[in-house]
Amino acid sequence: MTTPGNGIFDLLIRNVRITERGALTDIAISNGRIGAIAPNLRCEAVESFEGAGAFAFSGFVDTHIHLDKAGILGRCQICEGTLAEAVRETSKAKSGFTEDDVYARAARVVEQAIAHGTTRMRSFVEIDPRAGLRSFEAIKRIRSDYAFAIDIEICAFAQDGLTNEPETFAMLDAALSAGADLVGGCPYTDPDPVRHVDMIFELAVKHGVAADFHLDFNLDPTHTDLPAVIAATRRHGWQGRVALGHVTNLSAMAPADVAAIAIELAQVGIAVSVLPATDLFLTGRSHDRLVPRGVAPAHILAAHGVVTSVATNNILNPFTPYGDASLMRMANLYANVAQLSRDEDISGVFDMVASAAARQLAAPHGLTVGGDATIILIDSDGPCAAVREIAPVITGWKSGRRSFDNGRTQVFRPANTPAKGFIR
Ligand SMILES: [Zn+2]
């Protein structure tokens, strides 16, 4: 075993599992990196933590969240519960956003996400004549102020169209020169969706950044902007740098058609974020019974090799009037809605909020000797059990530094009552 210079580790996390029901192991940390992973490590450490059988991993990765417009329910009306209404109401509300207001609402969500074990997220930030650059400036401050616990990337996002509002293009361009990490488009709100896709790619290529599209947010299998995104991805050689959110129309297609699209997405290297909370709330509003779920089949896309994630999207706004930034809960919601039951399928859903989600953001993930000591402990036997039970997140470290602690549930039994274990 390699020990650091003075022979003493900074931190030793004892008795955790790193695979489903795997043997207990210890993790030793020095200078923010993992120095050793092995059972019963015999070494000195400044501090030690008893994992007591918890599952340890690199943390959840939220591939798609809107920090700028979270927590605005009190400023909006929801009468129809449709996508059109959500876009309209939010667009009205954002004219009144101030930088401090965006910061305060985003900080609340980021702190919830941290406490739920999220260590990385991609936040969309709307930049247009109504929002100006105020939301962007606020989220940049959030990115820097919370870097001790979470890596946040900022997607400069055109929610309300581009061809209809050309000044937005220059504003996105300016944001990309001023610290935005990537660019995002929303063809479904643009009168010319194909031109919209091309304009977003123009910015992505100019700045050498990834592109992320809100796409095909409908239940009409014949209505799609996907060919334009696939063609542009190929044309610019942007494979592995393009992601799509929603794609709810996949939920209305025959399995063979879904498979054909999945194979093409895998080949062209386009990733997909499925956003069950929003999709369940907004789609199928024209049905008064047997309401369609409107959630794209993430597990089927993943089975065909598409990099697929499940993500939060919105919290407490007209797009999703619920939310707590828990990806554990979102994974459970997806698995439930998708009617999954087999262990391997449910473990696959855990990957969609962890390792596969990290792959979508081209970010490292996984506990390895020499790797970053960002470690989250879940009170669970492993990924599958965690998703089934919405297992509580206990505590976490970012690069070896403790970043939050929820503690473990304690049950105070009366004296002389025998402790009862849960039979899994
Ligand atoms: Zn979104």
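Taken together, the values in this text are just the output of simple stated rules run on the coordinates, not laboratory data. Here the structure is a predicted model, which is why all the values come from computation and not from measurement. Here the Cβ positions follow ideal geometry from the backbone for every residue, glycine too, while neighbour counts run over all protein chains shown.
Miscellaneous remarks
- Using θ = phi - 60° and Karplus 6.51 cos²θ - 1.76 cosθ + 1.60, couplings along the stretch 376-385 (whole Hz; Gly, Pro as x): 10, 10, 10, 7, 6, 6, x, x, 5, 4
- Measuring nothing but how far apart in sequence close Cα pairs (under 8 Å, 6+ apart) lie, relative to its length, the stretch 60-360 scores a relative contact order of 20 percent.
- The stretch 60-360: equivalent-ellipsoid semi-axes (sqrt of 5 x gyration tensor eigenvalues, Cα, Å): 26, 22, 20
- Given Lys92/Lys206; Lys94/Lys140; Lys94/Lys206; Lys94/Lys398; Lys92/Lys140, the pairs whose alpha carbons are separated by over 26 Å: Lys92/Lys206; Lys94/Lys206; Lys94/Lys398
- Taking amide H as placed 1.01 Å from N in the peptide plane, Thr374 has its amide H under 5 Å from the amide H of Ser399, Gly400, each at least 5 places away in sequence or on another chain.
- Sequence-distant residues sharing a close amide H with Ala243 (under 5 Å, placed H): Ala211, Asp212, Phe213, Ala271
- Backbone geometry of the stretch 217-226 corresponds, through the Karplus equation with coefficients 6.51, -1.76 and 1.60 at θ = phi - 60°, to 3J(HN,Hα) couplings of 8, 7, 10, 9, x, 8, 9, 8, 9, 4 Hz, x marking Gly and Pro.
- Highest average packing first - 38-45, 132-139, 227-234, Cβ atoms within 10 Å: 132-139, 227-234, 38-45
- Three-way shape call for the stretch 280-337 based on the alpha-carbon gyration tensor, with the a/c threshold at 1.5: oblate
- Ranked packing of 353-363, 407-417, most packed first, by mean Cβ within 10 Å: 353-363, 407-417
- Under-5 Å amide H pairs with Glu153, H placed in peptide plane, nonlocal only: Met121, Arg122, Ser123
- Going from the fewest other Cβ atoms within 10 Å to the most, the residues Lys69, Lys92, Lys140 appear in the order Lys92, Lys140, Lys69.
- Couplings for the stretch 258-275, taken from phi via the Karplus curve 6.51 cos²θ - 1.76 cosθ + 1.60 with θ = phi - 60°, read 4, 4, 4, 5, 4, 4, 5, 4, 5, 5, 8, x, 9, 8, 10, 9, 9, 10 Hz in order; Gly and Pro are left as x.
- Residues His196, His246, arranged from fewest to most other Cβ atoms within 10 angstrom of their Cβ, appear as His196, His246.
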